[in-house]
There are 2 protein chains.
Amino acid sequence: MSAPTIRAVAELAGVSIATVSRALSHPDKVTDATREKVLAAVKATGFIPNRQAVDFRRRSTGNVVLLVRDISNPFYLDIYRGVEEHAYANGYRVLMGDAGHDDQRILRYVEMVRNRQADGLILMTGRVPEAIHSAPLPPIVVSLELVDGVRLPTIAIDNRAAAALAINYLVGLGHSRIAHITGPMTDVMPRQRHEGYRAALAAAGLPVDPALTVHADFHYEGGQRAVEQLLSGAAAFTALFCSNDEMAVGAINALRARGLSVPGDISVVGFDDIVFATASDPPLTSVRQPRREIGRASMAMMIDLLEGRADPANAILPVELVERASAAPCTVNARRALLR
Amino acid sequence: MSAPTIRAVAELAGVSIATVSRALSHPDKVTDATREKVLAAVKATGFIPNRQAVDFRRRSTGNVVLLVRDISNPFYLDIYRGVEEHAYANGYRVLMGDAGHDDQRILRYVEMVRNRQADGLILMTGRVPEAIHSAPLPPIVVSLELVDGVRLPTIAIDNRAAAALAINYLVGLGHSRIAHITGPMTDVMPRQRHEGYRAALAAAGLPVDPALTVHADFHYEGGQRAVEQLLSGAAAFTALFCSNDEMAVGAINALRARGLSVPGDISVVGFDDIVFATASDPPLTSVRQPRREIGRASMAMMIDLLEGRADPANAILPVELVERASAAPCTVNARRALLR
DNA sequence: CTGTTAGCGCATTCAA
DNA sequence: TTGAATGCGCTAACAG
């Protein structure tokens, strides 16, 4: 009843188990004739190598941990798919973990690598705890984010350019007072998007009014609160750039709750192009990141790392602006809001 | 440099490796004195058991596959969290996979269990391929769904009662013409919700008009299309029950696109209470499933199964109706829609 | 209660 | 090119 082992194959093929192992793992180190004999015996017995034994012997696990900033963000689902697809195609498995802004949680996943429960770590968190340096770093790929002070293989987008893309679009629509709701500024990625916002305004010869930047947390309610704060401030604006879509949807609903029309009074552009960007009312114009591809590329880089292939080169993936209906030309109507 | 093994601990403690193993795995099978000696040596050497060796020897992997109906549904993120938390706390790891309505994908995950890459399978898909029966079933827990024809340990909610909860609520608001947008009727779970809908109407003494039921697919666009279909039909209605929130949001947007007000003209109730239920406009009234708890309970049942504890009893978890703003009393205004 | 012994299934030396 | 022998790190009989 138990599965056939390499021994059964060896017996049937009339060779040693070493030869069977070689015929399967290093086909070129064996004569054509014996390889065929072995393969036939493999088929006849229905032999499937015991992955656990293989991994144990090779001192690898085939597991890779995908550690994300906030697992409740649907954004990461597509990332996961990309990672998982490429992993599966190459015989790896993916364990997704939630960093949850908690150093302990991050360390616990690093421990998994040290305990031989996983081979490497794909980090999609904005930070790593100091304690991670208490031992040699495991194989790590950093994706979407950058970590201050450590140089690691990275898959990312150009966050500055991506933010500028959104701003230039709004400027092209005639907007000159553009507000920005940021993510947590303790992290590099939200800071970069903010820099892109400022740089694009400056490049367009527009003033950068600090009162038009509000810091938030990437969540729905944070977007709502940020709008309240903007609206209760003295500075007027006709457009709003949000560093992710979840905040943008919150912002839109808060604007409408205050009786403002989107995009009639205020244009809104988000970031990420999550599923619910289409579902919001109005459908959200947003900067799309190639999520699936980011996941795929991250896993590919991890495999390069694990299998010792030439230094993986960092990669910057392209983004695009998806035009929907939440941004419109700056109108007279909107100017009223501006002059409010 | 390489990690200390059990041998180093044995040497330091002055006992055999078997005793070290026992002191750690079966503490009650050694004397207090030796246990303390061993534990001290463990601490001194910094020994951490090599999980791979342990699992290899025990012929278990510590991996559990969570196979979901559609990984792009944010609903499953909280499920995953529940599963993962309980798994981690008990030394297990979770691999999430996407069934994607594809028998091949499902079989491929079943194969993972047979190849000793995982110990068991938590199924959150509406169906299992026939081919699964070509070999003895691996340890399986079915959650949220029921699979026709196989009796397996199950964690679920009472879908009929949950649907009835929504319908009774709408009836209580004075609605008598209530439409229903279902999920894919090939699966048991959507059928049960539909039965609940019919039963609740009948129990309230209301007619069940087949023209008011439209079959869809649990997706946003499906919800939109279903509303188009309802609106172009002859049968009028003042309320709408959707078998999940994603469709409900699509439905609301489609209703508003047709110039109908929610809940002014039509009341809408969804199912699942996903994050974006709050974010829709108006915020969606919905039946909430205890996602995290469902995940936790599923993993707990899986562990019982794997560790051979007494037959795990099936569990039915409670749901609740979360009242927001998408449903309102049936008004004169709404009656107009009814009489349209 | 503890130590000795014998593997788990495979990859990889080393000789032949 | 192949086979015999060794051991990865640990658990689980079995004796003592």
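If only the Cβ of Lys and Arg carry +1 and only the Cβ of Asp and Glu carry -1, the dipole of the protein assembly as shown around its Cα centre is close to 820 debye.
Mean separation of Cα pairs under 8 Å and 6+ residues apart, divided by the residue count of segment A:159-289: what relative contact order is that in percent? Write down the numbers at each step before the final one.
On the way: 239 pairs, mean separation 31.6, N = 131.
After rounding, I find 24 percent.
Summarising the strand pairing of the protein assembly as shown, around 10 percent of its internal DSSP beta bridges are antiparallel.
Positive-end ranking of A:PHE56, A:ALA40, A:VAL20 along the dipole of segment A:6-58, with charges on Cβ about the Cα centre, is headed by A:PHE56. Cβ crowding within 10 Å ranks A:MET112, B:MET302, B:MET185 as B:MET185, A:MET112, B:MET302, fewest other Cβ atoms first.
So in chain B, what percent of DSSP beta bridges are antiparallel if you round to the nearest 5? Around 10 percent of the beta bridges assigned by DSSP in chain B are antiparallel ones. Computed from the C-beta positions of B:LYS43 and A:ARG105, the FRET efficiency with R₀ = 30 Å rounds to 0.80. Under the convention that each Lys and Arg Cβ holds +1 and each Asp and Glu Cβ holds -1, the size of the dipole of segment A:6-58 around its Cα centre is about 160 debye.
For A:SER232, A:SER280, what ranking results if the residue with the fewest other Cβ atoms within 10 Å of its Cβ goes first? Mind dumping the intermediate values first?
On the way: A:SER232 8, A:SER280 28.
So the ranking, lowest neighbour count to highest, is A:SER232, A:SER280.
Across segment A:6-58, the relative contact order, built from alpha-carbon pairs under 8 Å that are at least six residues apart, equals 36 percent. Work out the length of the dipole vector of segment A:159-289 about its Cα centre, built from +1 on the beta-carbon of each Lys and Arg and -1 on the beta-carbon of each Asp and Glu, and round it to the nearest 20 debye. Roughly 320 debye, rounded to the nearest 20.
Taking a straight Cα-Cα cut-off under 12 Å and skipping sequence neighbours fewer than 8 places away in the same chain, the aspartates and glutamates within cross-link reach of B:LYS37 are B:GLU11. Taking the helices alone, chain B has a mean residue ellipticity at 222 nm of -13500 deg cm²/dmol, built from -39,500 (n - 2.57) per DSSP H run of at least 4 residues and averaged over all its residues.
Counting other Cβ atoms within 10 Å, which trypsin sites (Lys or Arg not before Pro) in segment B:1-98 have at most 12 and lie in a DSSP loop? Numbers along the way, then the final one.
On the way: sites: B:ARG7, B:ARG22, B:LYS29, B:ARG35, B:LYS37, B:LYS43, B:ARG51, B:ARG57, B:ARG58, B:ARG59, B:ARG69, B:ARG81, B:ARG93; in loops: B:ARG59, B:ARG69.
Hits after loop and neighbour filter: B:ARG59.
Could you line up A:ASP245, B:ASP119, A:ASP311, B:ASP148 from fewest to most neighbouring Cβ atoms inside 10 Å? Before the final figure, lay out the partial values.
On the way: A:ASP245 28, B:ASP119 24, A:ASP311 8, B:ASP148 11.
So the residues, fewest neighbours to most, are A:ASP311, B:ASP148, B:ASP119, A:ASP245.
Mean partner shielding of peptide A:50-56, defined as the number of other chain Cβ atoms within 10 Å of each residue Cβ, is 5. Within the straight-line cut-off of under 22 Å between alpha carbons, the lysines reachable from B:LYS43 are B:LYS29, sequence neighbours fewer than 8 places apart in one chain being disregarded. Between B:ALA216, A:ILE178, B:GLY172, the Cα set farthest toward the positive side of the dipole of the protein assembly as shown (charges on each charged residue's Cβ, about the Cα centre) is that of B:ALA216. Derived scalar couplings between HN and Hα for segment A:151-157 equal 9, 9, x, 9, 10, 7, 10 Hz in order, rounded to whole Hz, by the Karplus curve 6.51 cos²θ - 1.76 cosθ + 1.60 (θ = phi - 60°), x for Gly and Pro. Here the relative contact order of chain A, from alpha carbon pairs under 8 Å that lie six or more residues apart, stands at 16 percent.
Every number here is computed from the coordinates shown, using simple stated rules; none is lab data. Note that the coordinates shown come from a computational prediction; the quantities given were computed from them, not determined experimentally. Positions of Cβ are generated from backbone atoms using ideal geometry, with glycine treated the same way; all protein chains shown enter the neighbour counts.
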